[in-house]
1. Looking at region 18-30 only, could you name the residues that are closer than 24 Å to Asp124 by Cβ and either of a type in the set (Val, Ile, Thr) or over 14 Å from the mean Cα position of the chain (by Cα) (or both)?
2. Just to be sure before I move on: is Gly27 outside the structural domain of Leu125 (by TED's automatic domain parsing), farther than 30 Å from Leu197 by Cβ and assigned to a loop (DSSP other than H, G, I, E, B) in the structure I sent?
3. Any residue that is more than 16 Å from Pro13 (Cα to Cα), over 19 Å from the mean Cα position of the chain (by Cα) and outside the structural domain of Ala148 (by TED's automatic domain parsing) - is there at least one of those in region 33-52?
4. Among the residues of region 143-155 satisfying the criterion of being buried (at least 17 other Cβ atoms within 10 Å of the Cβ) and not in a loop (DSSP other than H, G, I, E, B), which is modelled with the lowest pLDDT?
5. Just one of Ile131, Ile138 is of a type in the set (Val, Ile, Thr) and either closer than 25 Å to Ala164 by Cβ or touching a residue at least 60 places away in the same chain (Cβ under 8 Å) (or both); which is it?
6. Return yes when Tyr68 is closer than 23 Å to Gln31 by Cα, free of Cβ contacts under 8 Å to residues at least 12 places away in the same chain and either surrounded by 15 or more Cβ atoms within 10 Å (Cβ to Cβ) or over 19 Å from the mean Cα position of the chain (by Cα) (or both) and no when it is not.
7. So is Leu118 in a strand (DSSP E or B), assigned by TED's automatic domain parsing to the domain that holds Ala148 and either at pLDDT below 95 or surrounded by 15 or more Cβ atoms within 10 Å (Cβ to Cβ) (or both) or not?
8. Can you say whether Ala120 is touching a Leu at 6+ places or on another chain (Cβ under 8 Å), touching a residue at least 24 places away in the same chain (Cβ under 8 Å) and not basic (Lys, Arg), as far as the supplied structure shows?
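The values are calculated or read from the model by the stated rules, or taken from the named source; none is laboratory data. Quantities reported herein were computed from a predicted structural model and do not represent experimental measurements. Quick reminder, even Gly has a Cβ in these numbers, built from the backbone with ideal geometry, and neighbours come from all protein chains shown.
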Amino acid sequence: MANAAEQKKGENPMIMLRILESVERDGEQSQRHLAAELGIALGLVNAYLKRCVKKGLLKVGEAPARRYAYYLTPHGFSEKSRLTVQYLSHSFGFFRRAKSDCSLLLHEAEQKGIRRILLAGKSDLAEITAICALDHGIEIVAVIDRHADAARFIGLPVYPDYGAVREQFDAVMITDMVDARESADRAIARFGADRVLVPELLRIRIVKLQAAS
């Protein structure tokens with residue numbers, strides 16, 4: 001959860017933490033590879049790297065093939081530790097809230113006769129949904145992720161868009177925690193609001209749109 005200063009700057013502490021962790025593992029990887037690994041836009045990676053350098057969290061060196069290499073500074077290591085503690089202190093609360101929201105939503109879906117669900121977004125929320133689905137007799141058939149860098153996620157096939165999905169499904173559940181609003185709008189426009197499930201914690205108001213023919 002971001003503090004007031006981070007929110008004001010528009011920083012996502014989870015993205016910052018994941019970038020620092022990735023740079024610590026391999027500071028010579030390309031920004032494109034880093035974007036694919038984190039599942040975020042290339043421009044966003046570039047913006048965060050510049051921000052980290054400006055804040056003294058990273059220093060820049062030269063790497064082969066005319067690339068830059070990034071290294072954590074002592075301040076960067078300290079900030080990574082702080083963000084890790086911050087994440088762990090909130091992770092249990094997030095799991096409890098997400099599990100409650102998903103269980104309620106899946107129970108309602110079960111009552112409506114929904115048996116097969118497609119997840120829109122690779123995330124911790126998607127993993128929690130998959131766990132909750134086991135208690136409701138609902139099958140998760142696949143995951144949609146536009147930045148997919150792997151063919152499978154939590155044992156499920158991953159597709160870049162709805163058009164590529166081969167499995168049959170009754171509804172789509174939004175589990176995208178980066179662009180939740182955009183993912184919800186896209187799903188509703190294609191399938192209609194009645195076939196799109198949105199956990200309460202994403203704080204998205206469903207707008208009734210006509211499904212695309």
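1. Within region 18-30, Ile19, Leu20, Glu21, Ser22, Val23, Glu24, Arg25, Asp26, Gln29 qualify.
2. For Gly27, the condition - outside the structural domain of Leu125 (by TED's automatic domain parsing), farther than 30 Å from Leu197 by Cβ and assigned to a loop (DSSP other than H, G, I, E, B) - is met.
3. no
4. Phe153
5. Ile138
6. Against the criterion (closer than 23 Å to Gln31 by Cα, free of Cβ contacts under 8 Å to residues at least 12 places away in the same chain and either surrounded by 15 or more Cβ atoms within 10 Å (Cβ to Cβ) or over 19 Å from the mean Cα position of the chain (by Cα) (or both)), Tyr68 qualifies.
7. yes
8. no
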